[in-house]
Amino acid sequence: MKNISEKTLLVILIVLVSFFGIFQADKAANRISQLSNQVNNLSSDVNRQSRQLSDLYTQIEDLLKKQGSILDSYEITYGAFDSGNMTYEVSIKATPKETWENTAADVALGGVRGEMSRSGTSFSGVVHVPLTEEASPTVTFYEGGKSRSETLDDIVSFRAHYLYQIKSGFSGEKSHRDGKLSYNGDIFLYFDSPEGFSLKSGRLFATLNDKEVFTKEISLDSPKENTFPFNEAFPINPGDRFALFVEIRDESGLTYRYPVDSAAVSSDGRALSEHYLPDECAVYDKNGKEITFE
């Protein structure tokens, strides 16, 4: 009877210790959870304060930059594109913080410089910029043999304001067998039109080893999205390189050429390497010369 009582006491003691351990473990888990939440909240506060400090630094930098500027305000306006000499018109209006009766001004953009005329406290000038030139205008004021200059923050760019943004591709079944490359599906064409420009014509064409082997006129009914059925097969031999393009021309005389698909056949005719052409749109002038932007 004595042994049973000791065993019972031992069991009770073990049970109490276990419950106490569970209670302590649960208490510790709750404490850890609370500490984790506090750390997360602290981290959120630190991140928020960091963002606020970053915004404050940006505001201070903008304020210091504005205080250091010689200009009160300026405005840049894009004008006509001249496809004859491949230039575009840019108008700059600048108002300095201080002017005198004898103040004169000019504006330079890349290698082009133009005089500015005065109207009240503002100065306006026009420059005709080569379409491959992309730069920030610099306005210079002259008084009594001295000059003050400031380069504007904006970058003047023909590419950003005048060119179509084009994307094209093929959707459907494409196969290469028995010496033929076959397409059965649709060609899609997406583009954003620059303000004041309109399309003149469009076509699909294909080249084999850089020689044109297929062409088809297309109608561009939508200013944003067009789809054309395309079910064609082209003979292709070992070592050949095939490319399919969509080409559009705008009323200014610029031509845009985008690779829809391209494929190169291995010398043994077994493998087909696809999309060897870069996914980029090439732009050509009215004489067919590719335009390379700086």
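The values are calculated or read from the model by the stated rules, or taken from the named source; none is laboratory data. Just so you know, these numbers come straight off a predicted model, no measurement behind them. Backbone-built Cβ (ideal geometry, glycine too); neighbour counts: all protein chains shown.
Take the residues in the range 115-164 that are among the aliphatic types (A, V, I, L, M) and in a loop (DSSP other than H, G, I, E, B); name whichever of them is farthest from the chain's Cα centre (by Cα).
L152
Of the residues A206, A243, A282, A263, only one is more than 25 Å from L163 (Cβ to Cβ) and either touching a residue at least 60 places away in the same chain (Cβ under 8 Å) or of a type outside the set (D, E, K, R) (or both); which?
On inspection, the qualifying residue turns out to be A263.
Those residues that are crowded, with 17+ Cβ neighbours inside 10 Å and touching an Asp or Glu at 6+ places or on another chain (Cβ under 9 Å), I need them from the range 229-244; list them, please.
Selection gives F230, F242, A243, L244.
Can you tell me which residue in the range 254-282 is farthest from F214 (Cα to Cα), limited to those that are more than 29 Å from the chain's Cα centre (by Cα) and among the hydrophobic types (A, V, I, L, M, F, W, C)?
A271
If we scan the range 41-55, do we find a residue that is outside any strand (DSSP E or B), farther than 26 Å from P194 by Cβ and modelled with pLDDT of 90 or more?
The answer is no; no qualifying residue exists.
Just give me the residues in the range 225-245 being outside any loop (DSSP other than H, G, I, E, B), modelled with pLDDT under 95 and hydrophobic (A, V, I, L, M, F, W, C), in sequence order.
F228 - this is the single residue of the range 225-245 that is outside any loop (DSSP other than H, G, I, E, B), modelled with pLDDT under 95 and hydrophobic (A, V, I, L, M, F, W, C).
Just for the range 251-265: of the residues that are in a loop (DSSP other than H, G, I, E, B) and touching a strand residue (DSSP E or B) at 6+ places or on another chain (Cβ under 7 Å), which one is surrounded by the fewest Cβ atoms within 10 Å (Cβ to Cβ)?
E251
Being over 21 Å from D82 (Cα atoms), of a type in the set (D, E), modelled with pLDDT of 95 or more and surrounded by 12 or more Cβ atoms within 10 Å (Cβ to Cβ) is the requirement here; does E212 meet it?
Spelling it out, it is not the case that E212 is over 21 Å from D82 (Cα atoms), of a type in the set (D, E), modelled with pLDDT of 95 or more and surrounded by 12 or more Cβ atoms within 10 Å (Cβ to Cβ).
Can you pull out every residue in the range 156-181 that is of a type in the set (S, T, N, Q), modelled with pLDDT of 90 or more and surrounded by fewer than 15 Cβ atoms within 10 Å (Cβ to Cβ)?
Within the range 156-181, S171, S175 qualify.
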